[in-house]
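Read the structure below first, then the notes.
The values are calculated or read from the model by the stated rules, or taken from the named source; none is laboratory data. None of the values given here were measured: they were computed from a predicted structure. Here Cβ is always computed from backbone atoms with ideal geometry, including for glycine, and neighbour counts include all displayed protein chains.
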Amino acid sequence: MDNVNVSEVRNCIVVGHGTCGKTTLVDSLMHKSGANDRFGRVDNGSSLSDCSSEEKERKISIFSAPLHLMWKNHSMFITDTPGYADFFGEAVGAMKVSDSAIVVIDASSGVGVGTHRTWDEADKYGIGRVIFVTRLDKEEHSDFLKTYNELVSEFGKKCVPVTLPIGKENEIRDVANIITGEKVGQLEEPFKALVSKYKEALMEAVAESDDALLEKYFDKGELSDEELKSGLKNAIIKGTVVPVLAGSGDREIGSQELLDFIADYMPSPVDVRPLEIDGKEIKADKKEPLVSFVFKAVTDPYVGQLTYLRIYSGVLRADSEAVNVTIGSKERIGHIYTIKGKEQIAVSEAGPGDIVAVAKLKNTHVNNTLCGSGTKISVTPIEFPKPLISFAVYPKAKDDEEKIGIGFHRIAEEDPTIKVERNSDTKELVISGMGALHIEAAMHRVKTKFHVDADLLVPKVAYKETIKKKSDGHEKYKKQSGGKGQYGEVYLKIEPLERGAGFEFVNEIVGGAIPRNFLPAVEKGIKESMIGGIVAGYPVVDTKARCYDGSYHDVDSSEMAFKIAGSKAFKDAFMKAKPILLEPIMNIEVVIPSDYMGDITGDLNSKRGRISGMEPKGSRQKVKAMVPQAEVFRYSTELRSMTGGRGTFTVEFSHYEEVPAHIAPKIIEEAKKQKEK
């Protein structure tokens, strides 16, 4: 922003488990800082962060929301993110462009699975973090010490309190600052007795982040207040300390202390490790060439397409030109905005650390890099999570098929965790996402923006057909209809190939039994038969066909005759070669609390899964298995039901395997019924 030094910029992402109070805390920070003249509330639809119609209706965060505020001459970008697993991609995108994280914990429910996921993501990017324990005034189970002990158990002793609640349990009225000593005298037991213990733990953790401080700490047994303050920011950056603050976002208790802490101790773009691309460091300096990165795109009903950028170096100016180095095209930069809910506030320029939105860029999308003229630096793309659930889309009006496809592709441009594809094997339009709620929200946007509706059904499994042994096939195609006849005779040998080999056609004709110019027609007939399937209408794979003999007629033979003969000879051979069905097998990794191990492994076994490994992951367990795709289309919903939302999983295609003999007939019968419809 204008007249703000880069060292006074703060860029923080707010993360945590669903419904833990993130949005309420962000709204309290906006109000406390004066960025909003009233305290926005989720429950009455006035939240600055949850401002879309979908979020207001569901009363949950669906999109990441970068908001700007000023506090003590510091320019702060606070990005609220969804906590629900279905919208985790929004948090992933925002994490990439953040310098630090505020992890929000609900004191009444403790550390949730969403906390672990975002914590792991912060570890991936090496982001320093602070924990804010909220709702200390709400439930009878709200207990700061109990929550703190859980944090230490889950994330280690690097979690150290820096503010403590003043007041009795569930009656918090203020917070005391351990670092400055402010209001420490107002603490009640047991917190008053713990102040010296926590301050000593903080000193020790800070000292471990710096050799000089560690030497002083060993010599004197303590650090001065100035040494503690100067070393804390470095310790947060290195991850040796995770400060824990107390409060209540709903009552704005601890909000000012959090803003002060962000300004005093959280890293600026200058403090964090600079981006390194192709051996070159991208310095957070306004004098450097412009390097900015697109991490989010939305369609605003009034402004149109809004593209969100994080500036890494240089200055982005309104009414200027930038180069999209990802695709090699120029973009005209018109207006630049900071965001405050639905309001866009125009600014003349943006510098390192700033998050801004630019309207109406023509060819720029998520994961693109915009640079100044003459600079060709491409920021590493965001690794968005892979989809976990899929639906086949069937438009309710037949004429809407094209509009539905266009609509979902537009949604996918804004949300990279949505995947849209036309399955060439099943001929279905398939939309995939992070969960049923995620797909439901995408469908809602398509209906609203494109005025079309569709049914979402379980997708068909892309089965394949193949053979298990060698066999021979023969067809003499002979047809006489008054004029020129049709004649072609083909002898084939077929055999199975290794999995994934596809199809191979071999010409073994000798002596001109079939003229060379008719052999491509034989191969074409075989391939067309393979596409349509022989046993159940599924594509044939991993088969070799040898054409070794045949006959022709000087007048009646044609390409069409040999194409038909090749097709029928192949079908004849295929049915004698012990045909089987193949099904897609998926690699699945499930992370769950240890208490659910028996339920999860039993359920995976019941799905014809094979457990391939188990390993501890902190207080949780990771289960690896291979499961048929047919059994995991609804696993997202099932796992949530089995674990109360405390389990997560990833799934990706592995390979094809033979369908068990007792299951194949049911699949074949169902395929025949579908064909007859």
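Residues that are surrounded by fewer than 22 Cβ atoms within 10 Å (Cβ to Cβ) and charged (D, E, K, R) within segment 97-139 comprise Arg117, Asp120, Glu121, Asp123, Lys124, Asp137, Lys138, Glu139, listed in sequence order.
When restricted to residues that are farther than 23 Å from Phe295 by Cβ and surrounded by fewer than 23 Cβ atoms within 10 Å (Cβ to Cβ), segment 25-52 contains 15.
Table: residues versus (1) free of Cβ contacts under 8 Å to residues at least 12 places away in the same chain; (2) hydrophobic (A, V, I, L, M, F, W, C); (3) under 30 Å from Pro660 (Cβ atoms).
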site: Leu497; (1), (2), (3): no, yes, yes
site: Pro515; (1), (2), (3): no, no, no
site: Tyr538; (1), (2), (3): no, no, yes
site: Tyr548; (1), (2), (3): no, no, no
site: Val555; (1), (2), (3): no, yes, no
site: Ala573; (1), (2), (3): no, yes, yes
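Selection of strands (runs of 3 or more DSSP E) fully inside segment 547-649 by the criterion of at least 1 residues being buried (at least 21 other Cβ atoms within 10 Å of the Cβ) returns 579-593, 620-628. Could you please let me know if Val160 is assigned to a strand (DSSP E or B), closer than 14 Å to Gly21 by Cβ and either of a type in the set (A, V, I, L, M, F, W, C) or assigned by TED's automatic domain parsing to the domain that holds Pro82 (or both)? Taking the combined requirement at face value, the residue does not satisfy it. For segment 659-677, residues that are more than 28 Å from Gly598 (Cα to Cα) and surrounded by 14 or more Cβ atoms within 10 Å (Cβ to Cβ) total 4. Of all residues in segment 383-407, which are within 17 Å of the chain's Cα centre (by Cα) and of a type outside the set (S, T, N, Q)? Hits for segment 383-407 are Glu383, Phe384, Pro385, Lys386, Pro387, Leu388, Ile389.
Residues in segment 1-17 that are modelled with pLDDT of 90 or more and part of a loop (DSSP other than H, G, I, E, B) were compared, and the one that is surrounded by the most Cβ atoms within 10 Å (Cβ to Cβ) is His17. Looking at segment 593-622 only, could you name the residues that are among the aliphatic types (A, V, I, L, M) and under 20 Å from Pro387 (Cβ atoms)? Correct list: Leu604 only. Determine, yes or no, whether Asp86 is of a type outside the set (Gly, Ala, Ser), crowded, with 21+ Cβ neighbours inside 10 Å, touching a His at 6+ places or on another chain (Cβ under 7 Å) and touching a residue at least 40 places away in the same chain (Cβ under 8 Å). Spelling it out, Asp86 is indeed of a type outside the set (Gly, Ala, Ser), crowded, with 21+ Cβ neighbours inside 10 Å, touching a His at 6+ places or on another chain (Cβ under 7 Å) and touching a residue at least 40 places away in the same chain (Cβ under 8 Å).
Let's see how each residue does on (1) within 30 Å of Glu428 (Cα to Cα); (2) assigned to a strand (DSSP E or B); (3) not polar (S, T, N, Q):
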| site | (1), (2), (3) |
| --- | --- |
| Val446 | yes, no, yes |
| Ala462 | yes, no, yes |
| Ile494 | no, yes, yes |
| Val510 | no, no, yes |
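A single entry from Leu202, Leu194, Leu223 fulfils the requirement of being touching a helix residue (DSSP H, G or I) at 6+ places or on another chain (Cβ under 6 Å), surrounded by 17 or more Cβ atoms within 10 Å (Cβ to Cβ) and either among the hydrophobic types (A, V, I, L, M, F, W, C) or in a strand (DSSP E or B) (or both): Leu223.
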